[in-house]
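The values are calculated or read from the model by the stated rules, or taken from the named source; none is laboratory data. This one's a predicted model, so the numbers in the text were calculated from it and none came from an experiment. Cβ coordinates were reconstructed from backbone atoms using ideal geometry, including for glycine residues, and neighbour counts include every protein chain displayed. SASA here: full protein model, heavy atoms, side chains in, ligands and nucleic acids out. Shrake-Rupley method; radii C 1.70, N 1.55, O 1.52, S 1.80 Å.
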Amino acid sequence: ISIKTKDEIGAIAMAMNGLRLNLSQTAEFAEEIGKGNLNVKFDKLSDDDVLGNALLNMRESLVKAEEDEKLRKKQDEIQRWIADGVAKVNELLRQHNDLKELSYKVVELIVNYLDANQGSMYILVDDDDKALDDRSFEASSALAWGRKKPHHRTIKMGESLVGRAAYEQSTLCMTEIPEDYVNITSGLGKSTPRALLIVPLILNEEVMGVVEIVSFNVFEKHQIDFVERAAESIASSIASLKISQR
């Protein structure tokens, strides 16, 4: 509207022009929202701008819905990743009937699946004459940088971090590793890892063994969940193989 006066009519005309401009901006905002552009800038007319407030509330709802959908997809991907890993472990367990060879293969699979660097498995030594608290675990396999390594360590129940995890029957995950506890050796020399994961292999409330994984990367919760779920199947296979050997 062309404004030629400064009286009441002129004031009305100016108000109409302002309303038209703001409605045009509101329409553009609504159109951008309709296109999925949820980051478009918008300034409402005032705190009493009913239409502007409604559009802003709608955008907030759409943003939250989008975030919820992304979170749901991420959770679905994580659950698929865990399920796929457990399925790989179960398939491997069905393919081997030699306990020592099986332990190497299982450690290798877990280390690679977690993109870790080193791993070991300890098996409970059969000695029915001893109380469970006095029994020990013998290293059955060790892997570093994709290669087998000699490992003849024996750990008593409750001794060191491995024995402690077995005694308490609980997962131990650390990012502050005791000095000289473990070193990762490569062609570049020795380095202290950033994370240590120790998971007991439990069947019917009895510890059959322990898996120990070390890595330069901190273990995320879903990675720990994967090892814990796989540990159930590993413990069952260890028990079955021991019965077959006896």
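Shown in residue order for the stretch 195-205 are the 3J(HN,Hα) couplings computed by the Karplus curve 6.51 cos²θ - 1.76 cosθ + 1.60 at θ = phi - 60°: 9, 10, 10, 10, 10, x, 9, 10, 9, 6, 6 Hz (x for Gly and Pro).
For LYS64 and TYR181, FRET efficiency with R0 = 35 Å and r from the beta-carbon atoms, rounded to 0.05? Walk me through the intermediate numbers first.
Values: r = 45 Å, r/R0 = 1.28.
The calculated FRET efficiency here is 0.20.
The length gained on full extension between ASP98 and ASN204, counted as 0.36 nm times the residue separation minus their Cα-Cα distance, comes to 35.9 nm.
Determine the order of ASP47, ASP134 by accessible area, beginning with the largest, at a probe radius of 1.4 Å. If you can, show how the numbers build up before the last one.
Numbers: ASP47 125, ASP134 100 Å².
Result of the area sort, largest leading: ASP47, ASP134.
Build a GNM of the chain with springs between Cα atoms under 10 Å apart, and of ALA30, ALA231, ALA195 the one that fluctuates most is ALA30. Amide H contacts of GLY209: LEU124, LEU201, each under 5 Å away and 5 or more positions distant or on a separate chain (H built 1.01 Å from N in the peptide plane; Pro and chain starts excluded).
The equivalent ellipsoid of the chain has semi-axes of 65, 18, 16 Å, largest first, where each one is the square root of 5 times an eigenvalue of the Cα gyration tensor.
Would you please give the FRET efficiency between LYS35 and ILE224, computed as 1/(1 + (r/R0)^6) with r the Cβ-Cβ distance and R0 = 41 Å, to the nearest 0.05? Mind dumping the intermediate values first?
On the way: r = 42 Å, r/R0 = 1.01.
Efficiency for this residue pair is about 0.50.
Assuming charge only on the beta carbon of Lys and Arg (+1) and of Asp and Glu (-1), the dipole of the chain about its Cα centre is about 820 debye to the nearest 20. Rg/Rh for the stretch 41-130 (Cα atoms only, Rh after Kirkwood) is 1.45.
If you add up the charges near ALA116, with Lys and Arg at +1 and Asp and Glu at -1, over every other residue whose beta carbon is less than 13 angstrom from its beta carbon, what do you get? Intermediate values should be presented prior to the final figure.
Numbers: positive: ARG194; negative: GLU108, ASP115, GLU212, GLU220.
Net of charged neighbours comes to -3.
For the chain, what relative contact order do you get, as a whole percent, if you take Cα pairs closer than 8 Å and at least 6 residues apart? Working shown, then result.
Values: 332 pairs, mean separation 36.8, N = 246.
In percent, rounded to a whole number, it is 15.
At the listed q of 0.13, 0.15, 0.16 Å⁻¹, the Debye profile of the stretch 54-98, built from one uniform point per Cα, gives log10 I(q)/I(0) equal to -0.50, -0.56, -0.59.
Each Lys or Arg adds one and each Asp or Glu subtracts one; over the other residues with Cβ under 10 Å from the Cβ of LEU172, this totals -1.
Calculate the FRET efficiency for ARG20 and ASP49 from the Cβ-Cβ distance with a Förster distance of 22 Å, rounded to the nearest 0.05.
Details: r = 15 Å, r/R0 = 0.67.
After rounding to 0.05, the efficiency reads 0.90.
GNM remark for the chain: springs join alpha carbons under 10 Å apart, and the peak mean-square fluctuation among GLN79, GLN95, GLN169 falls on GLN95.
How far, in nm, would the chain grow between ALA11 and PHE216 when pulled straight, counting 0.36 nm per residue and subtracting the alpha carbon separation?
Working: separation 205, 0.36 × 205 = 73.80 nm, distance 7.06 nm.
Full extension of this stretch gives 66.7 nm more.
Pairwise Cα distances in the stretch 1-69 exceed 13 Å for 68 percent of all pairs.
Quick one: dipole size for the stretch 5-132, taken about the Cα centre, charges +1 on Lys/Arg Cβ and -1 on Asp/Glu Cβ, in debye to the nearest 20. Kindly include the intermediate steps, with their values, before the conclusion.
Values: 17 positive and 26 negative charges, 73 e Å.
It comes to approximately 360 debye.
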